[in-house]
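*Asks:* This structure is in structure tokens; I'll ask about it shortly.
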Amino acid sequence: MVGGLFIIITSQNYLKKVVGLAIFQTAVFVFFVSLAKVLDGTAPILTKMENAYSNPLPHVLILTAIVVGVATSALGLALVLQIYRNYETIEEKEIQSLELKSDK
Amino acid sequence: MFNLFLDDAAALVVVLPLLISAIITFMPSKIWPWIISLVTLVLHLVLSLHLLKEISISGLIIYEFGNWEPPWGISFKIDGVNIGLQLLFSIFALISTFYSRKIFLSEIDSRDSGKAYSLWLLAIGSLNGIILTNDIFNLFVFLEISALASISLIALGAGQNRKALLAAFNYLIIGAIGATFYVIGVGFAYAMTGTLNMNDLVIQLAQYSDGQLAIFAGMSFMLIGLMVKAAIFPVHIWLPPAYSYAPSAVSTLLAALATKTILYFFVRLLYEVFIIYPSYLSLFLDFVLYPLSLLAIFIGTLIAIYQDDIKKLLAFSSIAQIGYITLAFSLEDHSGITSGFIHIFNHALIKGGLFMAVGYFAILQKDRVTLTSLKGFGYKYPITSFALLICGLSLIGLPLTNGFISKLYLFQALYTNQMYFSIALVAVSSALAVAYFWKIVEQMWFSEIKFKLEKEDAYIYLPIWIITVSIIVFGIYSSPIIEFSNLSADYLISGYQN
């Protein structure tokens, strides 16, 4: 989790920021799934025997969150591509200096 | 048939725009996507009015999706708190869609019209979901749909200025971090209570009445995540570039509705769920939200004075205005919540009107609107300029406009809480608002050169004037807004006691 956040904050490259975001989100998903685990639990399938089973709800929630995460990454990458086409670089510092020049 | 349609009104206000959005995506036509969106939003307004009627009879509607009972299934809740906001949302979405056509035509490629309106409806539908949902995880989904739709809409501004891409990218990263923080909070809350339904959450949380560290951590994560999304002061940095480089129609929609709906949910979470822990709540309100609101008001206004670009100026003034709203909500009593809601309504109208007028100027001169480029606009385009003037005066809070009502109630609420320092600060910042608005007026009307009158487009100034007239009407006859806000505050406060 912290690793992903660290990448987002420190890296100068927009592509790396998107990857950092994906790592950050995945870490949160794993946190959610780990909440669901019941000790000695099996998959929540209805059987004749009575078993302890893991809570399926967090998995379902995370399924939704993964879809959201994929959409976010896809949009982020599309934006990076467009930034590259417009500026011919995806380094934050270079873009900032380009913008400073164009403002003058 | 029509009754069947009305029975599911609570779900349809969200589902209808989302469905139509999918249909119009690939329409090659220039005009049909707009007409279909307009018809959809007229239906949306009919549904909202129907909900208002139902609420005035029963007082509470809980819509269960797939007939799953509330603690298990997802439900929508409509009550006194959100019905007023729902109505405002519906009306403003319709007006801004009407306004958006000519603006979109001149700012984006006309072949993209179908896609733009698809995103537009997606944003409207999901923001409406934020207003109605009663499930904390469902909120996250709507939050992300609306964020992704608005990011794509902001990026459409790249045809005008490539900085729109950077603004959209920054919004994406910061917004996604905010949303993920919110999900971490939901995870903690779910782990402790095993529920996601807001009403059930209150009941389950009551068993930990002495408080648990995990719950406080979860609550803090959720609040921080929402603060990022609502652009409350130190985490507002995504907002000014996003609003100022977006296509003008998009800035109008986002500035008027997007942050408002999230602020509404923020306050509902605070006063409906977290009020279970009064000590935590007052700690958060007094030592986090209250000082941050004061800083937002002061710094937002100061930065706005030094802006040359008018859309950026308006965006920074939005930061200050969000500060007024959160300041009112941080007071933790009936008068504070009421004045917060009043300002949500009024500020949506004012900022919407201002962005509409400035957006029209931007397409008239085919360039970004800066202070110097506005020279003589008061003579060239008197109809729109006069509307801009009235909206601006209302932003400052002059009598006879609805901005005055907001300020009046805010001062009253601060006075009853004996916060004299905040009163002074709000007064000073209103005075500073005069400074930045006066610069605009000076450029528009007080110039030596005479300009000749130019033609204005009725399709564009009509919606602007609808907003402007409503600003004056609600400034003189303000009881509808005050009644709705009172109702919201009543429900929020009594909901806890029941």
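*Asks:* Please count how many residues of the range A:1-26 are at the interface with another protein chain (Cβ under 9 Å from one of its Cβ atoms) and farther than 19 Å from B:Phe169 by Cβ.
*Replies:* 1
*Asks:* Just to verify a result, which residue in the range A:47-65, among those that are more than 11 Å from every other protein chain (Cβ to nearest Cβ) and part of a loop (DSSP other than H, G, I, E, B), is surrounded by the most Cβ atoms within 10 Å (Cβ to Cβ)?
*Replies:* Here the answer is A:Ser54.
*Asks:* Right, something else. If you check B:Ala433 against the conditions, is it among the hydrophobic types (A, V, I, L, M, F, W, C), within 28 Å of B:Asp308 (Cβ to Cβ) and part of a helix (DSSP H, G or I)?
*Replies:* Here the answer is yes, as B:Ala433 does meet what is asked.
Okay, residues lined up against (1) buried (at least 17 other Cβ atoms within 10 Å of the Cβ); (2) over 20 Å from B:Leu314 (Cα atoms):
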site: B:Phe437; (1), (2): yes, no
site: B:Gln443; (1), (2): yes, no
site: B:Phe446; (1), (2): no, yes
site: B:Glu454; (1), (2): no, yes
site: B:Asp457; (1), (2): no, yes
site: B:Pro463; (1), (2): yes, no
site: B:Ile471; (1), (2): yes, no
site: B:Tyr477; (1), (2): no, yes
site: B:Ile481; (1), (2): yes, yes
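*Asks:* From the residues in the range B:107-159 that are in a helix (DSSP H, G or I), out of contact with any Pro (no Cβ under 7 Å at 6 or more places or on another chain) and acidic (Asp, Glu), which one is surrounded by the most Cβ atoms within 10 Å (Cβ to Cβ)?
*Replies:* B:Glu144
*Asks:* Any idea which of B:Ser75, B:Ser90, B:Ser37 is of a type in the set (S, T, N, Q), farther than 23 Å from B:Gly353 by Cα, surrounded by 13 or more Cβ atoms within 10 Å (Cβ to Cβ) and under 24 Å from the mean Cα position of the chain (by Cα)?
*Replies:* Result: B:Ser75 is the single residue among B:Ser75, B:Ser90, B:Ser37 that is of a type in the set (S, T, N, Q), farther than 23 Å from B:Gly353 by Cα, surrounded by 13 or more Cβ atoms within 10 Å (Cβ to Cβ) and under 24 Å from the mean Cα position of the chain (by Cα).
*Asks:* Still on this structure, please answer the following. Tally the residues that are in a helix (DSSP H, G or I) and free of Cβ contacts under 8 Å to residues at least 60 places away in the same chain, restricting the search to the range B:160-183.
*Replies:* Here the count works out to 12.
*Asks:* Taking the conditions exactly as written (outside any helix (DSSP H, G or I) and within 12 Å of chain A (Cβ to nearest Cβ)), does B:Thr195 satisfy them or not?
*Replies:* yes
*Asks:* Looking for whichever is among the charged types (D, E, K, R), closer than 30 Å to B:Ile95 by Cα, assigned to a helix (DSSP H, G or I) and out of contact with any Lys or Arg (no Cβ under 7 Å at 6 or more places or on another chain) here; the options are B:Lys455, B:Lys407. Which one fits?
*Replies:* The unique qualifying residue is B:Lys407.
*Asks:* List every residue pair whose Cβ atoms lie under 6 Å apart, where the two residues are 6 or more positions apart in sequence or sit on different chains, the first residue falls within the range B:324-338 and is farther than 12 Å from B:Val267 by Cα, and the second residue, located anywhere, is of a type outside the set (Ser, Thr, Tyr).
*Replies:* That search, which allows pairs on different chains as well, returns B:Tyr324/B:His343; B:His334/B:Ala489; B:His334/B:Ile493; B:Ser335/B:Ala413.
*Asks:* Quick one: B:Ile237 ticks every box in (1) over 30 Å from B:Trp34 (Cα atoms); (2) in contact with a helix residue (DSSP H, G or I) (Cβ under 9 Å, 6 or more places away or on another chain); (3) part of a helix (DSSP H, G or I) except a single one, so which number is it?
*Replies:* Of (1) over 30 Å from B:Trp34 (Cα atoms); (2) in contact with a helix residue (DSSP H, G or I) (Cβ under 9 Å, 6 or more places away or on another chain); (3) part of a helix (DSSP H, G or I), only one is false for B:Ile237: (3).
*Asks:* Would a scan of the range A:29-46 turn up a residue that is at the interface with another protein chain (Cβ under 8 Å from one of its Cβ atoms), of a type in the set (S, T, N, Q) and either outside any helix (DSSP H, G or I) or surrounded by 14 or more Cβ atoms within 10 Å (Cβ to Cβ) (or both)?
*Replies:* Scanning the range A:29-46 turns up no residue that is at the interface with another protein chain (Cβ under 8 Å from one of its Cβ atoms), of a type in the set (S, T, N, Q) and either outside any helix (DSSP H, G or I) or surrounded by 14 or more Cβ atoms within 10 Å (Cβ to Cβ) (or both).
We did not get these values from a lab; they are worked out from the coordinates using the rules stated. Everything numeric in this text was worked out from a predicted model, so none of it was measured. FYI the Cβ positions are ideal-geometry reconstructions off the backbone, even for glycines, and counts take in every protein chain you see.
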